[in-house]
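To start, the structure itself, in structure tokens.
The numbers here are math on the coordinates, done by the rules we state, and not lab data. Just so it is clear, the structure is predicted and the values come from calculations on it, not from any experiment. With ideal geometry, Cβ positions are generated from the backbone for all residues, glycine too; neighbour counts draw on all protein chains shown.
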Amino acid sequence: MISYDQIRAEYRAKYRAYKLELIDELSAQRDALNFTFSDLLNSKRDCKRKENICACLK
């Protein structure tokens with residue numbers, strides 16, 4: 001028969017592993033979304049360039 005302490009230890013180990021996996025996944029997502037202020041400025045410049053090109057073609 002499995003004791004309460006064994007079940008509890010197994011559950012805590014599985015929960016800890018799940019939590020660490022989730023933290024790693026969220027960290028990877030955050031790193032993928034991480035950009036600097038200069039990246040944002042460059043993106044804004046690119047948008048303005050594209051708007052100017054489109055306006056010239058009309």
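Along the charge dipole of region 4-57, which of L22, N34, N52 sits closest to the positive end, that is, farthest toward it, with unit charges on the beta carbon of Lys, Arg, Asp and Glu (+1, +1, -1, -1)? Looking along the dipole axis, the top candidate is N52. Rounded to the nearest 20 debye, the dipole magnitude of the chain is 400 debye, with +1 charges on Lys and Arg beta carbons, -1 on Asp and Glu beta carbons, and the Cα centre as origin. Where does helix 4-33 land angle-wise versus the long Cα axis of the chain, in degrees 0 to 90, nearest 10? On a 0 to 90 degree scale, this one is about 10.
On C-alpha positions alone, give me the angle between the axis of helix 37-57 and the longest principal axis of the chain, in degrees, nearest 10. The two axes meet at around 40 degrees. With K and R counted +1 and D and E -1, the other residues having a Cβ less than 13 Å from that of A13 yield a net charge of +2.
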